[in-house]
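Report on one structure; see the data block that follows.
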Amino acid sequence: MKNVYVSKHHVVADRLSRLRDKNAPVHDFRRYVHEISQALAYEASANLAVKDVTVTTPLVETKGQMLANDLPVLVVPILRAGLGLVSGFETLFPDYHMGHIGLYRDEETKKPVQYMTKLPKAMNRPIFLVDPMLATGHSTAKAVEILLAAGAKITDIRAVTLISAPEGIKYVHEVYPDLAIYTAALDSHLNEHAFIVPGLGDAGDRLFGTL
């Protein structure tokens with residue numbers, strides 16, 4: 001799939017299998033999400049713009065590269081479950097800024113309902129939109145719509161998710177074909193309740209112990 005990047009890292013595969021286990025306790029579930037999100041942060045940031053610099057080592061002066069963005073990267077979790085992925089990005093980008101997009105899924109229509117948005121004024125920077133599950137794709141598409149309305153560029157947005165469904169990716173790319181999607185796994189399908197199969201259940205409930 002164009003603009004879809006499924007992790008091939010064996011450590012990610014290991015943590016994902018542990019994450020799927022219905023018997024994983026909350027503290028382990030959180031740790032696996034953190035470790036996967038950290039790996040995905042590396043993969044999703046691999047093509048960030050860089051600039052040439054000169055560095056003086058203890059021995060000589062040498063050429064190198066540093067990230068070129070003037071502003072810290074922006075991490076935007078889709079509340080509430082997206083908060084679980086933030087720590088992995090914080091490890092890689094300790095100076096990150098964070099926005100919030102609050103959406104919940106209407107269980108009858110399966111469509112997202114917006115209940116809050118808090119974003120910085122400066123949106124001209126790399127943006128990581130994080131949410132554990134890309135199921136129907138409606139929440140991701142809605143969040144991208146909100147980011148674009150706030151001044152972001154589609155080429156600056158990277159959607160990062162633990163598990164994606166083919167139906168969700170198809171829907172999102174019908175609306176935003178240029179959106180880059182990074183995921184740890186592309187699962188089989190959605191069931192009649194719009195849950196990803198095989199999936200891992202409700203990520204928010206498993207992260208926060210609200211089962």
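The table below gives the values:
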| read-out | value |
| --- | --- |
| Helix-only CD estimate at 222 nm, as mean residue ellipticity for the chain, using -39500 (n - 2.57) per DSSP H run (n ≥ 4) | -9500 deg cm²/dmol |
| Above-threshold pairs, the threshold being 30 Å between Cα atoms, out of LYS51/LYS142; LYS121/LYS142; LYS8/LYS121; LYS51/LYS111; LYS51/LYS170 | LYS51/LYS142; LYS8/LYS121; LYS51/LYS111; LYS51/LYS170 |
| Nearest-0.05 FRET efficiency for ARG31 and LYS8, computed from C-beta distance (R0 22 Å) | 0.50 |
| Rounded tilt (10° steps) of 10-20 against the dominant C-alpha axis of the chain | 30 |
| Ordering of 96-106, 111-121, 36-46 by burial proxy (mean other Cβ atoms within 10 Å per residue, highest first) | 36-46, 96-106, 111-121 |
| Acute angle (nearest 10 degrees) that the helix 26-44 long axis makes with the longest principal axis of the chain, alpha-carbon atoms | 50 |
| Highest-MSF residue in the chain out of ALA13, ALA180, ALA68 [GNM, Cα springs under 10 Å] | ALA68 |
| Mean-position separation - Cα centroids, the stretch 56-76 and the stretch 80-158, in angstrom | 26 |
| q = 0.11, 0.16 Å⁻¹: log10 I(q)/I(0) that the Debye formula gives for the chain, counting C-alpha atoms only | -0.51, -1.04 |
| Cα→Cβ-extended label distance, 7 Å offset, between VAL175 and THR91, nm | 3.1 |
| Formal net charge of residues neighbouring ILE127 (Cβ-Cβ distance under 12 Å; K, R +1; D, E -1) | +2 |
| Separation in nanometres of the label points that stand 7 Å from Cα toward Cβ, at VAL197 and ASP70 | 5.1 |
| Rounded to 5, the percent of DSSP beta bridges in the stretch 43-120 classed as antiparallel | 75 |
| Average Cα contact separation per residue, the stretch 4-208, under 8 Å, 6 or more apart, as relative contact order % | 22 |
| Most positive-pole-ward Cα, VAL73, VAL53, PRO166, against dipole of the chain from beta carbon charges | VAL53 |
| Modelled FRET efficiency - R0 30 Å, ARG105 with ILE154, Cβ distances, 0.05 increments | 0.80 |
| Antiparallel content of DSSP bridges confined to the stretch 4-208, in %, to 5 | 40 |
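Any read-out appearing in this document is the output of simple, stated calculations on the displayed coordinates, not a laboratory observation. Since the model is a prediction, treat every value here as computed from it, not as a measurement. Methodologically, a virtual Cβ is constructed for each residue, glycine included, from the backbone with ideal geometry; neighbour enumeration extends over all protein chains shown.
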